[in-house]
1. Based on this model, can you work out whether residue 119 counts as over 14 Å from the mean Cα position of the chain (by Cα), in a helix (DSSP H, G or I) and more than 13 Å from residue 10 (Cβ to Cβ)?
2. What residue, of 79, 89, 111, 128, is at pLDDT below 95 and in contact with a helix residue (DSSP H, G or I) (Cβ under 8 Å, 6 or more places away or on another chain)?
3. Looking at the stretch 65-79, is at least one residue without any contact (Cβ under 8 Å) to a residue 12 or more places away in the chain and part of a loop (DSSP other than H, G, I, E, B)?
4. From the list 11, 50, 55, pick out the single residue that is touching a strand residue (DSSP E or B) at 6+ places or on another chain (Cβ under 7 Å), over 23 Å from residue 86 (Cβ atoms) and crowded, with 18+ Cβ neighbours inside 10 Å.
5. Does residue 100 fit the bill of being in a loop (DSSP other than H, G, I, E, B) and more than 12 Å from residue 10 (Cα to Cα)?
6. So which residues in the stretch 88-112 are free of Cβ contacts under 8 Å to residues at least 24 places away in the same chain and over 23 Å from residue 124 (Cβ atoms), if there are any at all?
7. Condition (residue is loosely packed, with under 12 Cβ neighbours inside 10 Å, out of contact with any strand residue (DSSP E or B) (no Cβ under 6 Å at 6 or more places or on another chain) and within 13 Å of residue 6 (Cα to Cα)) applied to the stretch 66-84: is it met by at least one residue?
8. Would you check which residues across the stretch 11-39 are under 16 Å from residue 49 (Cβ atoms), outside any helix (DSSP H, G or I) and out of contact with any helix residue (DSSP H, G or I) (no Cβ under 9 Å at 6 or more places or on another chain) and list them?
């Protein structure tokens, strides 16, 4: 990839979003941070991204899965990562059933793990014969 990969980060908690965004930028990615569903949908409509990273629980009428699905209605979805603190079977079933999630990161969030997943997904996009992270 000749350009700096672009990441759309969606998290309703401002401080958490800024911390994760800083880690993503430190890993040499361009990041667009959205702290509301409305902002995320508007941003995804205006720009294209190489990866979408979203918290599952956005304290909204929509979950991270819903936002990703909505973005996918208007454009081709890039690989998507869901971050969640809920590793229960029902949440995991919903994530798997959505068909839109390429990787899952459980909380507590370790930025190194997230960056690792992002890098693997970018490599996978560049070399489609490889396995999912």
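1. Details: over 14 Å from the mean Cα position of the chain (by Cα): no; in a helix (DSSP H, G or I): yes; more than 13 Å from residue 10 (Cβ to Cβ): yes.
The answer is no for residue 119.
2. 111
3. Yes; the residues of the stretch 65-79 include at least one that is without any contact (Cβ under 8 Å) to a residue 12 or more places away in the chain and part of a loop (DSSP other than H, G, I, E, B).
4. Working: 11 fails: over 23 Å from residue 86 (Cβ atoms); 55 fails: over 23 Å from residue 86 (Cβ atoms).
Sole residue among the options that is touching a strand residue (DSSP E or B) at 6+ places or on another chain (Cβ under 7 Å), over 23 Å from residue 86 (Cβ atoms) and crowded, with 18+ Cβ neighbours inside 10 Å: 50.
5. Criteria met by residue 100.
6. Of the residues in the stretch 88-112, the ones free of Cβ contacts under 8 Å to residues at least 24 places away in the same chain are 88-90, 92-93, 96-97, 99, 104, 106, 108, 110, 112.
Those that are free of Cβ contacts under 8 Å to residues at least 24 places away in the same chain and over 23 Å from residue 124 (Cβ atoms): 88, 89, 90, 93, 108.
7. No - not one qualifying residue is present in the stretch 66-84.
8. Passing the criteria: only 28.
The values are calculated or read from the model by the stated rules, or taken from the named source; none is laboratory data. Just so it is clear, the model here is predicted, and its values are computed rather than measured. Quick reminder, even Gly has a Cβ in these numbers, built from the backbone with ideal geometry, and neighbours come from all protein chains shown.
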